[in-house]
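The following block contains the structure, expressed as structure tokens.
Only the coordinates and a few stated rules stand behind these numbers; no lab work does. Bear in mind the structure is a predicted one, so any value in this text is a computation, not a measurement. We place every Cβ from the backbone using ideal geometry, glycine too, and count neighbours over all the protein chains shown.
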Amino acid sequence: MAKYNPKKIEQKWQNKWYSSGVFKAKNGSKKKKYYLLVEFPYPSGDGLHVGHCRSFTAFDIIARKRRMQGYNVLYPMGWDAFGLPTENYAIKKGVHPSVVTKKNTDNFRSQMQNLGLSFDWSREIDTTDPKYYKWTQWIFIQLFKNGLAYKSKISINWCPKDKIGLANEEVIDGKCERCGTKVEKKEKDQWMIKITNYAERLIKDLEDVDYLEKIKTQQRDWIGQSHGAVVKFHVEGIDEDLEVFTTRVDTIFSGTFLILSPEHSFIDKYRNKIENIEEVLAYREGAKNASDMDRTNQDKEITGVQLKGIMVRNPVTNEEMPVWTADFVLDHYGTGAVFADAHDKRDFKMAKKYGIPLRTSIKPDNEELTQKVKNLEECFEDDGTLYNSQEFDGLKSADARPKIIEWLSAKGLANSKITYKLRDWVFSRQHYWGEPIPMVFCKKCGWQPVKEKDLPIKLPNVKKYKPTGTGESPLSLIEKWVKTDCPNCKGPAQRETDTMPNWAGSNWYFLRYIDPKNNKKLSDDSAMRYWMPVDWYNGGMEHTTLHLLYSRFIFKFLWDIKAVPASVGSEPYKKRTSHGMVLGEGGIKMSKSKGNVINPDTIIKQYGADTLRIYEMFMGPFEQMIPWDTKGVVGCRRFVDKVYNLAAQKKMATKTDEALKKVLHKTIKKVGEDVENLKFNTAISSMMEFVNAWQTSENGLDKKDLADFLRIFSPFAPHLAEELWVSLGNKDLCCQQKWPKYDEKLIEEKRVLLIVQINGKVRDKIEMKAGSSQKEVEKLVLKSEKIKVLIGDAEVKKIVFVYNKLINIVI
RNA sequence: GCCGAGGUGGUGAAAUUGGCAAACACGUCGGACUCAAAAUCCGAUGCCCUUAAAAGCUUGGGGGUUCAAGUCCCCCCCUCGGCACCA
């Protein structure tokens with residue numbers, strides 16, 4: 001038989017698979033479904049990254065295994081193709097982004113096919129296809145109609161050199177991603193989405209899904225729920241209360257002053273009551289100009305200005321408290337105001353700096369520390385025991401909190417309240433290459449959504465993709481497109497010229513794969529009922545708080561408005577895992593500038609796709625970051641070669657050796673279990689062990705056992721598996737076979753290697769039949785010369801026996 | 001600062017969850033084949049002492065629990081990821 005030639009083999013089987021449609025998922029099937037999803041890539045000009053290959057191959061293995069286990073598997077692929085690099089390329093070269101996108105997606109597709117990935121290509125989607133983004137726009141309109149999309153003036157990142165608004169992800173270290181200029185803030189009217197309405201559900205429903213714990217934790221932290229209370233502080237001489245959010249009501253008896261954010265509306269409302277208003281407004285101005293970098297600087301000196309002439313009353317001590325403003329109090333969190341006391345480091349520092357009186361009311365358990373706290377030498381921030389707190393003295397912080405809230409709310413002075421760090425989602429981008437926001441502004445009717453029958457609002461062709469310099473999107477320059485009729489009154493109106501962020505298309509794409517050609521709906525109800533939710537979704541950790549959270553939110557919304565059938569439930573993904581990044585050799589990030597990018601095409605050309613697949617799975621644990629090592633690829637090629645040589649050239653046994661058969665069945669068990677746990681590296685090492693045993697066995701495998709091995713091998717190295725499958729005389733495809741079962745009886749050990757320890761140290765090993773009793777083992781061990789010598793005259797104190805494993809003699 | 005993950009040979013890593021630490025692979029060294037090289041095959045390979053055997057040491061550091069600890073508990077150090085003036 002000829003030498004192993006992956007080039008010849010792989011092309012042939014890819015053609016066969018893709019032309020026969022074996023990987024097509026069937027809607028309306030009676031079979032059990034399995035929906036496997038990997039994040040669709042942004043088709044960049046650089047081509048497929050070996051990191052893509054890793055997660056796509058991993059889930060390809062699961063998809064192939066599931067098909068062999070009899071499932072109707074949906075494993076689709078598409079393109080998240082709106083995005084900046086394509087737009088930048090268009091600006092530079094003057095080529096239309098859609099032309100670039102077409103070129104890049106063609107390249108990506110062929111690279112994926114060269115890897116033998118079993119995607120169902122009949123369901124391919126592209127977020128930049130008007131037939132697709134028609135529904136992205138439709139979702140926006142539903143958000144608007146349900147009061148979840150609104151316009152708001154907010155400060156955006158502004159590059160003064162390029163004269164363009166930047167998304168957070170375009171700001172690297174406070175500088176513009178393109179030109180490196182320091183980014184400024186600029187106020188601009190933006191479309192916002194009220195994701196905060198869903199904050200509670202987004203946290204609560206995490207209980208019902210199977211996500212990696214670290215993913216859940218990260219989402220919870222991002223949403224940032226805190227339980228506390230809003231307390232009212234009456235302003236002296238004005239019929240007004242200042243409301244303050246706190247999670248530490250237990251410290252309220254020590255509250256001696258109040259701090260407002262510089263932007264707090266109270267300052268505007270009572271300008272004339274504030275004696276030093278000029279100073280206060282100057283402070284506000286200064287805070288506004290401080291960049292994010294300065295504001296997050298830990299060591300920054302605390303500053304503040306007192307609102308002279310304003311006093312409030314502490315609702316529990318009834319004492320007068322001065323009111324200050326300081327920029328560490330954030331306007332957008334809680335009520336934009338805090339009460340300050342000796343139990344918060346920042347308040348403590350500020351009071352010391354400006355000579356504001358402090359009082360303590362919580363003490364730690366430690367007596368020495370308590371003295372320091374009482375003397376105001378140290379700031380105690382933790383929970384402790386209350387004192388100076390009237391009837392609440394002696395209570396622990398945690399017990400005091402609900403009691404104090406209850407007591408205050410009875411008097412109408414407080415309400416318990418839950419706040420979130422999560423903020424509403426800025427949805428406008430001043431770019432060309434994105435979905436146009438389907439809204440129209442009419443002087444008479446205000447903002448109006450485009451009529452659904454007029455969707456999609458197609459991106460018009462422009463001559464220049466360059467930003468306008470005024471902060472408007474390039475679309476604003478196309479007068480013909482901007483001018484339109486009001487959908488409501490038919491009067492003259494203007495289109496929104498901002499586009500959507502690149503998260504918009506990926507919010508709901510998993511619904512489109514289910515029914516990719518539907519032009520009446522996002523996706524057909526009965527098909528959604530069958531396929532949803534996604535059974536297993538894998539993606540990068542970097543998408544945990546953006547894409548993953550956004551898409552969960554949008555899905556909940558679609559479910560609420562019944563665009564998704566009720567029976568599906570309100571969580572889109574049953575299970576979510578994450579892969580580790582593939583780094584360049586030496587452990588640094590792969591990048592063009594470092595010249596350490598590995599192109600999968602090169603590896604396939606040199607070693608074959610099966611080898612690349614196996615290497616990517618063997619290189620290390622799937623969830624872990626891992627450096628590329630071309631030497632390791634060689635080792636995997638040797639393994640693949642070995643399988644080929646053994647299967648193709650060794651004479652077939654009439655009956656497999658008993659010992660080898662045993663190893664085979666252990667391997668079937670191990671590979672099956674490891675794949676389910678994403679432990680591909682150990683699955684492969686166990687197959688290597690099996691192949692080594694096969695190589696050294698006397699007679700080798702018989703036809704049936706070789707066929708079983710090929711079946712477990714085929715998800716990993718599908719091309720070679722098919723080639724060897726037909727060489728056994730089969731006419732069908734290996735990937736359509738049943739996943740083999742292992743024989744429990746064969747796996748059972750008849751003889752075991754028993755460890756003999758003296759005082760916990762391994763001194764000997766004896767082989768004996770499995771299931772021997774302690775007595776039998778003891779007899780044998782104590783007779784052994786080696787052990788006799790080691791025990792010598794010492795007294796045997798104790799003997800520990802672990803069934804089928806070890807015996808430990810304590811002397 | 002807080003939260004999360006991790007630290008095991010020269011390298012990537014295993015370790016059935018408390019029971020032989022280093023499987024599998026890379027690399028290195030030695031041998032076979034060859035005029036020679038590559039490829040391939042065989043053997044050795046945690047460290048230390050040693051011609052060898054035997055002993056001893058070893059999972060970031062220190063302490064503890066246990067007949068037995070990479071695994072459990074306490075303290076500390078380091079690396080990576082996330083959040084970060086969030087009241």
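Restricting to region A:257-379, what percent of DSSP beta bridges are antiparallel, rounded to 5?
If we restrict to bridges inside region A:257-379, about 75 percent are antiparallel.
Would you work out which of A:Val534, A:Tyr607, A:Leu206 lies farthest towards the positive end of the dipole of chain A? Charges go on Cβ: Lys and Arg +1, Asp and Glu -1.
A:Tyr607
What does the charge count around A:Lys134 come to, taking other residues whose C-beta lies under 13 Å from its C-beta (Lys +1, Arg +1, Asp -1, Glu -1)?
Values: positive: A:Lys131, A:Lys451, A:Lys453, A:Lys458, A:Arg512, A:Lys517, A:Lys520, A:Lys521; negative: A:Asp126, A:Asp129, A:Glu435, A:Glu452, A:Asp454.
After counting each charged neighbour, the total is +3.
Next question, about the same structure. May I ask which residue of A:Thr470, A:Ile156, A:Tyr742 lies farthest towards the positive end of the charge dipole of chain A, with charges of +1 (Lys, Arg) and -1 (Asp, Glu) on Cβ and the Cα centre as origin?
A:Tyr742
Moving on to the next point. Once phi is turned into ³J(HN,Hα) by the Karplus curve 6.51 cos²θ - 1.76 cosθ + 1.60 with θ = phi - 60°, what whole-Hz value does each residue of region A:149-163 show in order, with x for glycine and proline?
With the stated coefficients, region A:149-163 comes to 10, 8, 8, 8, 7, 9, 8, 10, 6, 10, 8, x, 7, 6, 6 Hz.
With a 10 Å radius around each residue's Cβ, average the other Cβ atoms per peptide and rank A:794-805, A:395-406, highest first.
Packing order, densest peptide first, comes out as A:395-406, A:794-805.
Using only helices, what value at 222 nm comes out for chain A when you add -39,500 (n - 2.57) per DSSP H run of length 4 or more and divide by the total residues, to the nearest 500 deg cm²/dmol?
-11000 deg cm²/dmol
Moving to a separate point now. Going through the cross-link list A:Lys232/A:Lys353; A:Lys592/A:Lys642; A:Lys131/A:Lys574; A:Lys216/A:Lys374, which pairs have a Cα-Cα distance over 32 Å in this structure?
Beyond 32 Å between Cα atoms: A:Lys592/A:Lys642; A:Lys216/A:Lys374.
Taking θ as phi - 60°, what are the ³J(HN,Hα) couplings along region A:528-543 by the Karplus curve (6.51, -1.76, 1.60), each to the nearest whole Hz, with x for Gly and Pro?
5, 4, 6, 8, 7, x, 4, 6, 8, 10, 10, x, x, 4, 5, 9
Within 14 Å, Cβ to Cβ, of A:Asp610, how many net charges do the neighbouring residues add up to if Lys/Arg are +1 and Asp/Glu are -1?
It works out to a net charge of +3.
So how many Lys-Lys pairs in region A:707-772 land under 29 Å Cα to Cα, not counting same-chain pairs under 8 apart?
9
Can you sort A:Asp708, A:Asp129 by how many other beta carbons sit within 10 Å, fewest first?
Ordered by Cβ neighbours within 10 Å, fewest first: A:Asp129, A:Asp708.
Within 10 Å, count the other beta carbons around each residue, average over each peptide in A:222-230, A:277-285, and list them highest first.
A:222-230, A:277-285
Please figure out what share of the DSSP beta bridges in chain A is antiparallel and state it in percent, rounded to the nearest 5. Spell out each step's value before the answer.
Working: 70 of 94 bridges.
Roughly 75 percent of the beta bridges in chain A run antiparallel, per DSSP.
Okay, next question. May I ask you to list the lysines whose Cα is less than 16 Å away from that of A:Lys490, ignoring any residue fewer than eight positions away on the same chain?
A:Lys443, A:Lys444, A:Lys451, A:Lys453
Then there's this: Between region A:375-407 and region A:634-664, how far is it from one alpha carbon centroid to the other, in angstrom?
Taking the Cα centre of region A:634-664 as reference, the centre of region A:375-407 is 72 Å away.
Arranged by the count of other C-beta atoms within 10 angstrom, fewest first, what order do A:Tyr644, A:Tyr270 take? Don't skip to the answer; put the middle values down first.
Details: A:Tyr644 23, A:Tyr270 16.
Ordered by Cβ neighbours within 10 Å, fewest first: A:Tyr270, A:Tyr644.
First check a/c for region A:1-119, with a ≥ b ≥ c the square roots of the eigenvalues of its C-alpha gyration tensor; if it is under 1.5, answer rounded, and if not, answer prolate when a/b is larger than b/c or oblate otherwise.
oblate
Region A:453-524 to region A:70-129: how many Å between their Cα centroids?
20
Can you put A:Glu263, A:Glu689, A:Glu698 in order of Cβ neighbours within 10 angstrom, beginning with the fewest?
Starting with the residue having the fewest Cβ neighbours, the order is A:Glu698, A:Glu689, A:Glu263.
Let me ask something additional. Please list 3J(HN,Hα) in residue order for region A:49-56, calculated via the Karplus relation 6.51 cos²θ - 1.76 cosθ + 1.60 where θ = phi - 60°; whole Hz, with x for glycine and proline.
Working through the residues one at a time gives 8, 4, x, 4, 4, 5, 6, 5 Hz.
If the only charges are +1 at each Lys and Arg Cβ and -1 at each Asp and Glu Cβ, what is the size of the charge dipole of region A:509-574 around the Cα centre, to the nearest 20 debye?
Dipole magnitude for region A:509-574 comes out near 200 debye.
Something else: Past 18 Å, Cα to Cα, is the threshold; run A:Lys16/A:Lys669; A:Lys363/A:Lys396; A:Lys92/A:Lys182 against it and keep the listed order.
A:Lys16/A:Lys669; A:Lys92/A:Lys182
Going down the table (A:Lys151/A:Lys480; A:Lys145/A:Lys521; A:Lys102/A:Lys151; A:Lys151/A:Lys556; A:Lys103/A:Lys185), which pairs top 28 Å between alpha carbons?
Where the Cα-Cα span goes over 28 Å, the pairs concerned are A:Lys102/A:Lys151; A:Lys103/A:Lys185.
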